[in-house]
Amino acid sequence: MTLIRSAVTADYPALLEIWRRSVEATHKFLTPTDIDAIAQDVARYLPQMSNLRVAEDGNGLTGFIVVEGDTVEMLFVDASVQGRGIGSVLLAAVATDHDVLRVDVNEQNPSGRAFYAAKGFSETGRSEIDGEGRPFPLLHLELATAGKPAA
């Protein structure tokens, strides 16, 4: 069973490891140097997030989601447990708090794109660069949740 709870400071090292394993498995367009640089940003961002929730099972942390306002800023599931519904549970945990959810997904991340499409997100725009100005195109997605859990 997956438990969703608010993150605590002691979770951050494990969340960074989950982030790295997930990115290495799904973001094949990034070089190891890119991943190292972005990891430093993620390490700085996590303590600043006001709504950071983690997924946990009997073996430890398995994923996390960050929502700021109506935007999913991060959703990562450990590569070792991807495809087991953890991302869906995390998304459902925050969907009930919002009438609309927005997310940006890397255009070059087919698994991320497929996940959000399966949840009913639709494309509302595209950017040539990511939020930090790096040359990684983003697709802007939106889901009208009406405060209902994502299926």
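The values are calculated or read from the model by the stated rules, or taken from the named source; none is laboratory data. Everything numeric in this text was worked out from a predicted model, so none of it was measured. Here Cβ is always computed from backbone atoms with ideal geometry, including for glycine, and neighbour counts include all displayed protein chains. Remember, those area values only see protein heavy atoms, side chains included, never the ligands or the DNA or RNA. Shrake-Rupley method; radii C 1.70, N 1.55, O 1.52, S 1.80 Å.
Note down the net charge around Pro137, summing +1 for each Lys or Arg and -1 for each Asp or Glu among other residues with Cβ under 15 Å from its Cβ. Mind dumping the intermediate values first?
Details: positive: Lys28, Arg113, Arg126, Arg134; negative: Asp34, Asp104, Glu107, Glu123, Glu128, Asp130, Glu132.
Local charge sum for Pro137: -3.
Report, to the nearest whole %, how much of the accessible area of region 79-151 belongs to carbon and sulfur atoms, 1.4 Å probe, protein only.
Details: 1940 of 3780 Å².
C and S fraction of accessible area: 51 percent.
Of all alpha-carbon pairs in the chain, indicate the percentage at a distance above 24 angstrom.
That tail contains 27 percent of the Cα-Cα pairs.
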Please give the per residue accessible area of region 58-119, computed with a probe of 1.4 Å over protein heavy atoms only, in Å².
43
Return the calculated 222 nm mean residue ellipticity for the chain, to the nearest 500 deg cm²/dmol, obtained by summing -39500 (n - 2.57) across DSSP H runs with n ≥ 4 and dividing by the residue count.
-10000 deg cm²/dmol
Remind me, relative contact order of the chain in percent, using alpha carbon pairs under 8 angstrom and six or more residues apart?
22
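Tell me, what are the semi-axes, in whole angstrom and largest first, of the equivalent ellipsoid of region 53-128 as set by the roots of 5 times the Cα gyration tensor eigenvalues?
Values: eigenvalues 88, 47, 22 Å².
For region 53-128, the semi-axes come out at 21, 15, 10 Å.
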Measure of exposure for Ile35: accessible area at 1.4 Å probe, Å² rounded to 10, is 10
